[in-house]
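This report refers to the structure that appears directly beneath it.
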């Protein structure tokens, strides 16, 4: 028994536990993540996991920081604020679809602040260097970009865009009336929604607005 326990302890590691938890969350969402479930995946007891990770909250924080590191913002950072914020938004957008559970943990005023998250925030704020912006302006502008990306990702998270165009047309046609809504749904030129195209279009409009704000200052 002691030899089995020794092997179990040697095989487990924080890195392995976090990797397994991410796999579970990717497949079944955050509700599927528990110390017991992760332990079963690894052939270990839940108590064995607690020797490496204090609790589920710590596990979630480690999962988020792993993914943030996986989708780290590019280096060297683009020198112009618009290019930098574009890369930031695109990388966040990719991460939300690669790991749909990530939104539930990070789309909050108090996200987990691990080392990779802190590095990402520093990278993001560096985009405003030389613009003579007050602290609250930097936070508001950054939040505007992040909130746009999170909001659109939340709308489509775990949805099938291929089925959505037909669904809207059917719903509006069955309801009758509403000529403007019917014209938009029937006149949409794509057979199915292109999420990346929609994202890029909206992102450009958000950045246009920031550009106007900076010019007016």
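The values are calculated or read from the model by the stated rules, or taken from the named source; none is laboratory data. Keep in mind it's a predicted model, so treat the numbers as computed, not measured. Here Cβ is always computed from backbone atoms with ideal geometry, including for glycine, and neighbour counts include all displayed protein chains.
Tabulated data for the structure shown
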quantity: Number of the condition not met by residue 51 [criteria: (1) modelled with pLDDT under 95; (2) closer than 24 Å to residue 91 by Cβ]; calculated: (2)
quantity: Lone qualifier among 89, 104 - being touching a residue at least 60 places away in the same chain (Cβ under 8 Å), surrounded by fewer than 18 Cβ atoms within 10 Å (Cβ to Cβ) and assigned by TED's automatic domain parsing to the domain that holds residue 151; calculated: 104
quantity: Within the range 31-61, tally of residues that are surrounded by fewer than 18 Cβ atoms within 10 Å (Cβ to Cβ), in a helix (DSSP H, G or I) and under 24 Å from the mean Cα position of the chain (by Cα); calculated: 6
quantity: Qualifying residue in the range 170-182 (condition: in contact (Cβ under 8 Å) with a residue 12 or more places away in the chain and under 27 Å from the mean Cα position of the chain (by Cα)); calculated: no
quantity: Residue check for residue 135: at pLDDT 95 or above, in contact with a helix residue (DSSP H, G or I) (Cβ under 7 Å, 6 or more places away or on another chain) and closer than 29 Å to residue 66 by Cα; calculated: no
quantity: Any hit, the range 59-66, residues being in contact (Cβ under 8 Å) with a residue 40 or more places away in the chain and within 29 Å of residue 214 (Cβ to Cβ); calculated: no
